[in-house]
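The block underneath contains the structure these notes are about, expressed in structure tokens.
The values are calculated or read from the model by the stated rules, or taken from the named source; none is laboratory data. Computed from a predicted structure; not experimentally measured. Neighbour counts are summed over all protein chains in view; Cβ atoms, including those assigned to glycine, are modelled from backbone coordinates with ideal geometry. Side chains included, ligands, DNA and RNA excluded: accessible areas come from the protein's heavy atoms. Shrake-Rupley method; radii C 1.70, N 1.55, O 1.52, S 1.80 Å.
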Amino acid sequence: MHDLQWKKIVIVILVLLLPCIPFGSSTDYILRILTTVYLYMILSLGLNIVSGFTGLLDLGYVGFYGIGAYTAGLLTIHFNLPFGVIILLAAVNGAIWGILLGVPTLRLTGDYFAIVTFGFSELVVLFIRNELWLTRGPMGISGIASPSFFGHSLSESWHFYYLVLVLLSIVLVIIHRLEDSRIGRAWYAIREDEIAAQCCGINLVKYKVMAFAISASIGAVGGAFYAKWFTFIHPDMFKFWESVLILCLIVLGGMGSIYGTMLGALLIIPLSEVLRIILPQYLMNSRYLIYGIILVIMMRLRPDGLIPFQIAQSQKNKHAQKRLFRHHETYP
Amino acid sequence: MKPILKAVHLSKNFGGLQALKAIDLEVYPQKIVGIIGPNGAGKTTLFNCLTGLYEPSGGQLYFQDQPIVPELSQHIYKSIRIASFVFGLISFFWIGFVLFYTYPQTVFKLELCLFVTFIFALRILVIKYLNHYEAWAWSLYFMFLFIDTYFTIRLFLVPIHVHALLIYIWILSFIICHGYVLTILISFETRKCFGFKMGVDRISKMGISRTFQNIRLFQNLSVIDNVKIGAHICMNSGFFSTMLRLDSHVQEEKNWEQTTLSYLRDVGLENQAFHLASSLSYGSQRLLEIARALASKPKLLLLDEPAAGMNPKESSNLISLIRKIRDSGLTIILIEHDMKVMMKLADYIYVLDHGVLIAEGSTDAIRENPKVIEAYLGPKI
């Protein structure tokens with residue numbers, strides 16, 4: 001067995017054992033922070049498809065997050081569907097809106113595209129705030145029932161911890177499979193060089209829309225989980241700041257590398273809690289300043305993020321080479 | 001033997017500059033055709049037209065007797081003209097007719113007659129500019145479309161006793177004429193006119209593949225991934241088979257891993273298969289571009305200065321490689337400044353200068369041609 005597989009097993013066991021370790025009275029608190037971390041991992045993995053793999057700067061990702069959350073909230077309140085169905089419907093709804101946004105904006109490039117996506121997220125918030133008949137506007141939706149499985153309603157923190165872990169692993173598996181396939185390579189090709197990608201027979205429109213739809217549906221899944229977990233949603237939760245935060249996670253971790261984005265979430269999200277404890281009351285709001293300083297320092301020391309795309313790629317290539325080498329006695 | 005690629009009066013303008021002036025080319029299968037000419041002669045522009053990156057301003061391109069550039073200039077213009085003529089003719093009577101039924105007492109007033117004439121003139125004008133794909137004409141056209149739709153609905157609501165049959169014929173003709181124009185509007189060729197570049201990937205699916213003068217590799221990906229992207233059109237696993245990792249997908253990936261390695265072996269890069277493309281030397285990057293172009297199993301290969309920046313040994317290897325590719329059944333069009341390489345390889349040479357085809361012939365004929373010598377060395381003093 002390889003070293004890497006051992007490492008993987010150890011990490012998985014640690015993650016699974018975490019809720020069992022008693023932290024005294026603060027267990028709930030720590031589990032809740034970890035759940036947030038995993039939620040942001042899901043979101044940053046989703047955004048990574050558009051911004052990291054395909055190379056389109058998307059500032060409106062939180063729009064899909066909001067769409068997913070409201071889909072889940074409304075479906076629970078009005079129909080009380082089972083959790084699995086809600087997650088699926090939220091993903092489908094997110095994908096539909098992703099396609100609707102993607103198709104007309106595809107001709108834009110670079111900054112113009114970013115501006116349009118930014119406008120989209122603001123549009124979502126405005127819609128939610130103003131369409132009282134559907135979303136109850138600024139009052140928000142409260143009392144969203146927790147998901148229940150086989151008659152047991154989830155209530156404890158560790159229930160949600162495992163739930164988000166399951167979602168995260170599903171998303172992770174899907175993204176891993178897509179990344180190392182024809183579709184993922186087409187995305188990389190579009191990011192690296194659009195003209196060469198076209199000359200290789202890649203239909204830019206199709207693959208950009210696909211990236212958009214998948215990314216949007218993952219964001220909507222994150223939103224649906226958030227609505228079910230928090231049991232209360234409000235238009236202010238889906239403000240532009242959230243988009244920037246998720247983008248920061250990706251930039252910090254390394255655009256385009258899966259483990260980099262996860263590492264980014266693992267570092268930044270607990271940091272806000274740590275700062276909340278460390279900083280005195282009157283310096284509370286300066287923790288955004290510290291985010292900024294950390295980002296600046298990171299960009300100075302490692303401009304491509306913590307795990308740059310190139311390093312992740314060469315690591316992957318080493319494994320591919322080893323795998324081929326195992327099958328052939330001689331070098332292929 | 002039929003030519004695999006044929007260009008008829010191909011021309012390309014950039015604003016006032018004519019980059020290509022009425023080029024006629026014929027490329028026969030399993031031949032190496034060279035294109036030479038001084039810098040700025042329009043060689044790369046020709047390649048860009050062939051691969052669909054540029055849309056030619058005039059002329060036609062045929063690949064295996066199929067037009068590469070959709071024949072929008074003739075075909076679409078004609079159908080739009082016919083459709084819009086019908087549309088204009090009908091619309092002349094349309095408003096008067098509707099008004100006659102809806103407001104019978106006002107029909108024969110002078111102002112109304114003038115108004116209808118004005119609308120008619122406007123519509124004719126719109127039709128004229130519709131052919132030139134003017135944005136304002138199309139927007140006006142849509143305005144008319146909505147007005148017509150409104151009146152059609154209106155006509156349904158009016159109590160009809162006498163000419164019921166006539167009205168239904170009218171509505172039918174309305175639907176037919178607008179439907180026709182709308183179909184043209186959403187067709188591929190017209191979308192292309194509005195700036196959607198739909199052509200390039202379709203052309204590469206037809207079997208034309210190219211390399212670039214300034215290397216355009218996917219620098220941050222591994223060498224083998226570059227070749228796999230080149231093989232994109234030969235693979236067909238979609239989203240669901242990838243996500244569920246179906247057997248077909250796994251098998252395809254496995255097969256193509258071997259095939260791409262064999263392509264890399266052909267160009268002599270199999271030892272660097274898992275390195276990043278940016279880590280290769282300049283000559284190797286050129287070879288990798290050739291391997292990537294070959295991976296899509298093309299019928300016609302366009303090589304844009306493959307020997308640029310290579311030392312004599314490397315370029316002699318390249319010559320034998322290109323010969324081998326030709327012998328495996330491909331047709332090659334070659335742009336090259338290195339005359340030694342060109343004279344050794346080419347079966348037939350076209351010489352371009354300032355967008356004009358100044359000479360064509362076999363290598364010996366080109367070497368002796370006074371026009372070519374003049375283009376390269378300047379006129380005799």
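Computed quantities for the displayed model
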{"quantity": "Accessible solvent surface per residue of region A:88-131, calculated while the other protein chains remain in place, 1.4 angstrom probe, Å²", "calculated": "56"}
{"quantity": "Fraction of beta bridges assigned by DSSP in region B:265-381 that are antiparallel (%, nearest 5)", "calculated": "50"}
{"quantity": "Region A:31-327: equivalent-ellipsoid semi-axes (sqrt of 5 x gyration tensor eigenvalues, Cα, Å)", "calculated": "30, 23, 21"}
{"quantity": "Accessible surface ranking that places the most exposed of A:Asp304, B:Asp347, B:Asp304, A:Asp111 first, with a 1.4 angstrom probe", "calculated": "A:Asp111, A:Asp304, B:Asp347, B:Asp304"}
{"quantity": "Placed amide H near B:Asp353: partners under 5 Å, 5+ positions off or other chain", "calculated": "B:Ile358"}
{"quantity": "Translational diffusion of region B:246-381, µm² s⁻¹ [Kirkwood Rh, Cα pairs; Stokes-Einstein; 25 °C; 0.890 mPa s]", "calculated": "143"}
{"quantity": "Per-selection Rg to Rh, region A:33-105 - Cα, Kirkwood hydrodynamic radius", "calculated": "1.01"}
{"quantity": "Chain A: most fluctuating residue of A:Ile233, A:Ile13, A:Ile258 per GNM, C-alpha cutoff 10 Å", "calculated": "A:Ile13"}
{"quantity": "Sequence of A:Phe127, A:Phe212 from largest to smallest accessible area, 1.4 Å probe", "calculated": "A:Phe127, A:Phe212"}
{"quantity": "Per-residue SASA entry for A:Leu283, accessible area with 1.4 Å probe, Å² rounded to 10", "calculated": "70"}
{"quantity": "Helix-only mean residue ellipticity at 222 nm for chain A, each DSSP H run of n ≥ 4 adding -39500 (n - 2.57), per residue, nearest 500", "calculated": "-24000 deg cm²/dmol"}
{"quantity": "Centre separation in Å (Cα based) which lies between region B:309-335 and region B:222-239", "calculated": "24"}
{"quantity": "Equivalent ellipsoid, region A:127-172 (semi-axes from 5 times Cα gyration tensor eigenvalues, Å)", "calculated": "29, 15, 9"}
{"quantity": "Viscosity 1.567 mPa s, 4 °C: Kirkwood-radius Stokes-Einstein D of region B:221-297 over Cα pairs, µm²/s", "calculated": "102"}
{"quantity": "Simple label model, 7 Å out from Cα along Cβ direction - B:Cys234 to A:Glu273, nm", "calculated": "5.2"}
{"quantity": "Rg to Rh, two decimals, where region A:203-307 supplies the alpha carbon set and Rh follows Kirkwood", "calculated": "1.03"}
{"quantity": "Per-bin percent of Cα-Cα distances, region A:140-286 [5 Å]", "calculated": "2, 7, 11, 16, 18, 16, 12, 8, 5, 3, 1, 0"}
{"quantity": "Accessible-area order (highest first, 1.4 angstrom probe) of the listed residues B:Met343, B:Met1", "calculated": "B:Met1, B:Met343"}
{"quantity": "Accessible surface of A:His234 - all protein chains present, 1.4 Å probe, nearest 10 Å²", "calculated": "40"}
